[in-house]
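K.L.:
Below is the structure I would like to discuss, written out as structure tokens.
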Amino acid sequence: MRELRILLADDHKLVREGLRMLINVQADMEVVGEADNGCAAISLAQQFQPDIVVMDISMPELNGLQATEKLKMLCPGVKVLTLTRHTDSSYLQQLLQAGANGYVLKQSASEELVRAIRAVVAGQTYVDPALMDRLVGNIMGRRTSQGYPSVRQLTQREQDVLRFVAWGFLSKEIADRLHISVKTVEAHKANAMHKMGMKCRIDIVRYALLQGWLQDVQA
């Protein structure tokens with residue numbers, strides 16, 4: 001079994017030590033580096049090319065949101081899992097917009113982090129269950145008056161592409177799975193977003209939450 005290579009980014013040494021012990025005891029996981037600020041996280045991610053960065057939000061130099069946005073531009077294949085105490089769903093939405101692949105609360109059980117790491121590396125957009133009901137409730141409330149067009153306006157291939165985008169797959173990965181070209185993936189994505197009135201990835205994730213797609217990820 002291939003070990004998942006993990007980079008930790010948190011400005012509290014005791015937190016990193018606890019995370020390292022939890023992760024390294026897993027048979028399929030290994031901590032390959034640690035950063036105590038956002039700039040160091042980006043530098044180490046470029047150096048080690050880990051499978052995933054476990055990223056705190058509140059860090060010096062660059063916070064987790066800024067670091068995530070920059071990291072996804074420089075290393076698009078590296079997954080980012082946010083680990084924080086913030087329960088405000090607005091943080092989650094900002095991070096998903098920046099390219100984060102998951103969001104876990106520090107106050108959740110340690111097993112939740114391990115589960116989240118495996119899910120994100122497998123391609124899922126992971127949201128801590130403690131936040132899921134609140135997030136869906138906020139989205140439902142916000143979309144009640146506006147509504148989305150019917151999914152029946154989309155072709156089956158457009159639906160497939162949107163699902164994979166919501167799950168966090170890159171265009172190349174989607175193309176490989178659907179046996180089509182990257183250019184065709186981008187065309188289906190653009191057509192689907194236009195039909196559904198979507199402007200960015202967070203709109204796709206919101207729609208996926210409403211449709212229950214995030215609970216049906218294909219690894």
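K.L.:
Look at segment 79-90 and say how many of its residues are more than 15 Å from residue 125 (Cβ to Cβ) and not in a strand (DSSP E or B).
P.N.:
Residues that pass the stated criteria total 5.
K.L.:
Okay, moving on. Checking the conditions here, which among 27, 40, 9 is more than 19 Å from residue 105 (Cα to Cα) and surrounded by 19 or more Cβ atoms within 10 Å (Cβ to Cβ)?
P.N.:
40
Matching residues to (1) over 21 Å from residue 167 (Cβ atoms); (2) assigned to a helix (DSSP H, G or I):
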{"residue": "7", "(1), (2)": "yes, no"}
{"residue": "30", "(1), (2)": "yes, no"}
{"residue": "33", "(1), (2)": "yes, no"}
{"residue": "43", "(1), (2)": "yes, yes"}
{"residue": "54", "(1), (2)": "no, no"}
{"residue": "59", "(1), (2)": "yes, no"}
{"residue": "66", "(1), (2)": "yes, yes"}
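Okay, residues lined up against (1) touching a residue at least 24 places away in the same chain (Cβ under 8 Å); (2) surrounded by 23 or more Cβ atoms within 10 Å (Cβ to Cβ):
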site: 105; (1), (2): yes, no
site: 108; (1), (2): no, no
site: 120; (1), (2): yes, yes
site: 125; (1), (2): yes, yes
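K.L.:
Name the one entry in 93, 46 that is surrounded by fewer than 17 Cβ atoms within 10 Å (Cβ to Cβ), out of contact with any Asp or Glu (no Cβ under 6 Å at 6 or more places or on another chain) and not charged (D, E, K, R).
P.N.:
46
FYI, it's all coordinate maths here, none of it is from the lab. Because the structure is predicted, anything quoted here is derived from the model rather than measured. Neighbour counts are summed over all protein chains in view; Cβ atoms, including those assigned to glycine, are modelled from backbone coordinates with ideal geometry.
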